[in-house]
Every structure is written in structure tokens, then in C-alpha cells.
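Values quoted throughout were computed directly from the atomic coordinates according to the rules given, and no laboratory measurement underlies them. All figures in this text were calculated on a predicted structure; none of them were measured in a lab. Cβ placement follows ideal geometry from the backbone for every residue including glycine, while neighbour counts extend to all protein chains displayed.
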Amino acid sequence: MPRYDIVTIEGDGIGPEVAQAAIRVLREAVGENVLHFIDAPGGAAHYARSGDVLPDETLRLCRESHAILHGAAGLPEITYPDGTEVGNELHLQLRFKLDLYANVRPIKLLAGVGSPLAARETIDIDYVIIRENTEGLYASRGAGVVLRNEFATDTLVVSRKGVERVARFAFNLSRKRDGAPRDGKRRVTVCDKANILRSYAFFRAVCQEVAGDYPDVEIDYAYADAITVHMLKKPDFYDVIVAENMFGDIISDLGAATVGGLGIAPSGEVGDTHGLFQGAHGSAPDIAGQNAASPLAMILSGALMLDWLADKHADEALAGAADRIRQAVATSLSEGHAIPRDLGGSASCTEVTDAVCRALG
Ligand code: ATP
Ligand code: MG
């Protein structure tokens, strides 16, 4: 039986609580001795103790493992000597060092979860946002300039290589994913502001070129402002959305809000070699240590990790386990006994995890 090394960086705030919950569920779903979890330090609290936000040994383990499971990183009170917050620096460094260029954010409404769009007659939300993760406007991070305290600029970087690879990722995903929009078409929607900035027009043009290799998948375009309206009014139109880094960041929080919020939205960041999986939320220091966080985002991120590993290693058993985890989450939510607090219930992190494990049977 294949064995996979999974590095877990529990991190800060609610990170350890939700990471442990996900590990429990993954073990239960996959069976003993298939996943080998290796605990590795990193994050803001670790920086405060050691002066190192991402230890060399942790990076080495990440490079050598099959996948990375990350709780969350960042604590507002922990700063560098110059006063800037350490924040989720750990995660940002891993993103660049491991070239995790596609951030995968499934947006799916599960039975038993209320959506702010519920007034609609039928509501079917099941699409995936692919956020370009290594360039765009955020590529300027730390490199922007402030001139004489009067002007400030940052640079939006769009490269052919960067767009091609993330666009291919989006088209390939559209071909193979289970969900499909209401009209049954395979579709990739390019989210940009091609009408305003040349960099975005280039992003769009490169996506259009890539689309030529996927005649079976429809290409569609939406400006970033307009798509926020469409995501609320016709979410069932979408299949896969590919977006520049900053736009992807913004619309994935919006998408998460339409399906129950950050506490249930999974996220994966993958490149050609490595993959890192964590909930869409941050370290939520306001509720840390109270057993109050929802572990569902992290548990569903664990399922996403299994999907990715299953695909990469042609391992159908893992794909089956991922489906069982999603089904168990849906079952426990629709039974209504263990609803986490952010979804209007009163169950603790442990109670929600127990219920998912029970539903796994
Ligand atoms: P980051 O900058 O890392 O994205 P953030 O500032 O966006 O973090 P989060 O840490 O995601 O903030 O928290 C935002 C709000 O959502 C907080 O009030 C937090 O308590 C809540 N929240 C986040 N994750 C969860 C969760 N898993 N369960 C319940 N509530 C959560
Ligand atoms: Mg945030």
C-alpha cells in the first residue's frame, strides 16, 4: 500500500485545533498507515520563540513530503523589530519557495447550510475559483515605493508563462471536475479588468490563446466588478473562474460568504510539484483556544489534498476517501446535531469533528 508523507504546520491561533481535527478525519477516512503525518514548526508564535518564521528544516520537510497541511499563521501582537506584523509570512514564503501558482477555492453550498442567497427559488452553487497565486498586483509585495510621502506605486506583473500555466490548470480542472453549471456546459470564466489596464488585457489574451487547446470547454469573460454581481445573482452559471491574484483573493472571500463563510471554505495551493492545503480562513485569534472554531474548512481542505494526491499518484482509494469525507460533512450538517457556531449552531470544534467521524461510519 502506498504511503504518503504529509507535513503538518499547525501554526497560530485556531491553526492547531483545526489541523488536529483534519488529521483525525483523514486518518479515519483513509485508514491507518497510509498517511504519515510529520509535525513541523513555523509561523508567528514560532518566530517569537526562535526568531525564525520558516525554519530550514521545515522547508526541507515540505520539499521532500508528498503534501503540506497547514492550520493557519499570524498573530497580531507578534511583530518584526521594525514593528511590522509577522502575519502569515510563513505561508507567503512557502507559496513562492515551492512555486504554488494555482490557488484552488471550491465554492459549494452544502445541504443544511444557509446561504444569504437563499431567497432564490432554487439554489445550486458549485464552482471553483482559481486564483493566480504568484504574480499580479501582489507580486509588488514589499517592492512598491512611496515617494516623498506624496506618491505611492506598486506594479502589476503579468507574464505569459504565469498566465499560461494557471489558465491550463483551470481548463484541465473544468474537464475533469464532477460539478457542472446549470446549462451542463464546461466553462472557464476569465476574471479581469481588460477594459482598463493593459496587464489585464494581456492576461485575457493569453487565456484566450490557451482556450484554443480546449475546444470542448467554453471560454467566458467577466470584469472583476461585474462578476461580484453575477456571483450573487447567477452563481449556477459558473464552473471554473480563473482570476489574477488580487481579484482572486477578493472574489474568493465573496464566494465563501455565499456558501456559509470562511469557516467552511476549503483552499489548496498547488504547483507542478508541491501542494499546500489549509482552510480559507486565517488564524482567528479572537476565538483561538476556546474549542469554538469550525474545523470544516480544514477538514474539506484535507479532502482537497486527497483529491490532489489521488490525481498525481493515480490512487483511486484516496479519491474515494475524499468523497467519503465530503459526504460525511454533508451528512453531519444535514442531520443538524453538530452545527458549528459560525453557521448558527452551538457545537464545539471537537463536537463537529466527532460528528464528521461518526458520519464516516
Ligand atoms: P487572514 O489575514 O489570515 O486572512 P483574517 O484577518 O481575514 O485573516 P480570519 O482569521 O480569517 O481573519 O478571521 C476572520 C473572522 O472569521 C474572525 O472573526 C474569526 O473568528 C472568524 N473565523 C475565521 N475562521 C473561522 C473558523 N474556522 N470558525 C469560526 N470562525 C472563524
Ligand atoms: Mg483574510
Gain in span if fully extended, R160 to T79, counting 0.36 nm per residue against the direct Cα distance: 25.5 nm
For the stretch 208-361, alpha-carbon Rg over 2.2 N^0.38 Å: 1.16
Charge tally in the Cβ shell below 13 Å around A226, where Lys, Arg are +1 and Asp, Glu are -1, A226 excluded: 0
Among 15-21, 265-271, 49-55, 252-258, the order from most to least packed when residues are scored by Cβ within 10 Å on average: 15-21, 265-271, 252-258, 49-55
The stretch 225-361, relative contact order in percent, only Cα pairs under 8 angstrom and at least six apart counted: 18
Environment charge of P16, counting only residues whose C-beta is closer than 13 Å and scoring Lys/Arg +1, Asp/Glu -1: -3
Relative exposure of V242, V229, V356, judged by other C-beta atoms within 10 Å (fewest first): V229, V356, V242
The chain - charge dipole about Cα centre, Lys and Arg +1 at Cβ, Asp and Glu -1, debye rounded to 20: 680
Spacing of the two label points (7 Å from each Cα toward its C-beta) at T153 and H36, in nm: 5.2
Label point 7 Å beyond Cα of Q208 along Cβ direction - residues of the stretch 141-183 with amide nitrogen under 11 Å: none
Total lysine pairs whose alpha carbons fall under 21 Å of each other in the stretch 115-259 (8 or more apart, or interchain): 6
Volume of the Cα convex hull of the stretch 112-197, divided per residue and given in Å³: 200
Computed magnitude of the charge dipole of the stretch 115-259 (debye, nearest 20; Cβ of K, R +1, Cβ of D, E -1): 240
Relative contact order computed over the chain (Cα-Cα under 8 Å; 6+ residues apart), in percent: 22
Simple spin-label estimate for L117 and Q93 in nanometres, 7 Å along Cα-Cβ: 3.9
For the chain: Kirkwood Rh in Å [reciprocal of mean 1/r, alpha carbons]: 20.9
Tensor-based shape of the stretch 115-259 (alpha-carbon gyration tensor, a/c under 1.5 rounded, otherwise prolate or oblate): oblate
Inter-label distance, nm, simple model (7 Å from Cα along the C-beta direction), S50/D216: 4.7
Residue with peak Gaussian network fluctuation, the chain [Cα springs, cutoff 10 Å], from D126, D216, D99: D216
Hydrodynamic radius by Kirkwood, which averages 1/r over all alpha carbon pairs of the stretch 291-346, in angstrom: 12.1
9 Å beta-carbon shell around A44, net charge (K/R +1, D/E -1): -4
Mean projected area in nm² (Cα convex hull; one quarter of hull surface) for the stretch 182-283: 7.7
